[in-house]
1. Which residue, of 93, 145, is within 24 Å of residue 28 (Cβ to Cβ), touching a residue at least 12 places away in the same chain (Cβ under 8 Å) and surrounded by fewer than 24 Cβ atoms within 10 Å (Cβ to Cβ)?
2. Which condition number does residue 91 fail, the rest of (1) under 17 Å from the mean Cα position of the chain (by Cα); (2) part of a strand (DSSP E or B); (3) modelled with pLDDT of 95 or more; (4) not charged (D, E, K, R) being met?
3. Could you check, for the range 5-19, whether at least one of its residues is among the basic types (Lys, Arg), in a loop (DSSP other than H, G, I, E, B) and surrounded by 15 or more Cβ atoms within 10 Å (Cβ to Cβ)?
4. For the range 20-35, how many residues are more than 13 Å from the chain's Cα centre (by Cα) and surrounded by 23 or more Cβ atoms within 10 Å (Cβ to Cβ)?
5. What number of residues in the range 51-90 are among the small types (Gly, Ala, Ser), farther than 21 Å from residue 115 by Cβ and in contact (Cβ under 8 Å) with a residue 40 or more places away in the chain?
6. When you scan the range 1-10, how many residues do you find that are of a type in the set (Gly, Ala, Ser) and modelled with pLDDT under 90?
7. Residues of the range 111-135 being within 13 Å of residue 165 (Cβ to Cβ), part of a helix (DSSP H, G or I) and either β-branched (Val, Ile, Thr) or in contact (Cβ under 8 Å) with a residue 24 or more places away in the chain (or both), which ones?
8. Restricting attention to the range 154-176, which residues are farther than 17 Å from residue 122 by Cβ and under 14 Å from the mean Cα position of the chain (by Cα)?
Amino acid sequence: MSFRYEIRLSGAGGQGLILVGKIIAEAAAIYDDKNATQSQSYGPEARGGASRSEVIISDGDIDYPKATDIDLLLAMTQEAADKYAGEVKSGGIIVADSDFVKSPPEGDFAVHCLPITQIAEEKVGKKITANLVALGMIHKLSGVISEESVINAIRARVPRGTEEVNIQAFKYGQDLVD
């Protein structure tokens, strides 16, 4: 049976979830030589409305690009946690931003609820890097893509001149789950 790992990144528009989805998919497909798909959806509001990005990583063909049996859920808002926790498979992982998720979901999955946005603001000095802090946590908890591939994808995807601060945020996220 082939390996398949499903990640759903959810929260509000403007939190950089689509960028993180693209970084994960690129890290897997281009740098780690796995198969990957990335899809996204968001409400009519560009910022503040619901936002979701999904990444499927596999060593075989991916015949359906939507997450149906979620291994890892990132919930950056309470609404996202409430809406998607029920779709996380038994033994899966939920990463939640405790700055916005005040009632973490309960179930047959591990929950890592930490102040992601606060850490981005305090450690990196830029609240906007919370998505990369979350990416560091996702990388460490999932173990499905290599650190080198993620760093290469960050360098390729983030705006020029912000590569190092984004890599720093990624590393802070990794340290949160050591």
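1. Values: 145 fails: surrounded by fewer than 24 Cβ atoms within 10 Å (Cβ to Cβ).
So the residue among 93, 145 that is within 24 Å of residue 28 (Cβ to Cβ), touching a residue at least 12 places away in the same chain (Cβ under 8 Å) and surrounded by fewer than 24 Cβ atoms within 10 Å (Cβ to Cβ) is 93.
2. Every condition holds for residue 91 apart from (1).
3. No.
4. Looking only at that region, the number is 1.
5. 4
6. Qualifying residue count, the range 1-10: 1.
7. Listed by number, the residues that qualify are 120, 123, 124, 128, 129, 130, 131, 132, 133.
8. Taking the range 154-176 first, the residues farther than 17 Å from residue 122 by Cβ are 154-164, 167.
Within the range 154-176, just 154 meets the criteria.
The values are calculated or read from the model by the stated rules, or taken from the named source; none is laboratory data. Because the structure is predicted, anything quoted here is derived from the model rather than measured. Neighbour counts run over all protein chains shown; Cβ positions are idealised from the backbone, glycine included.
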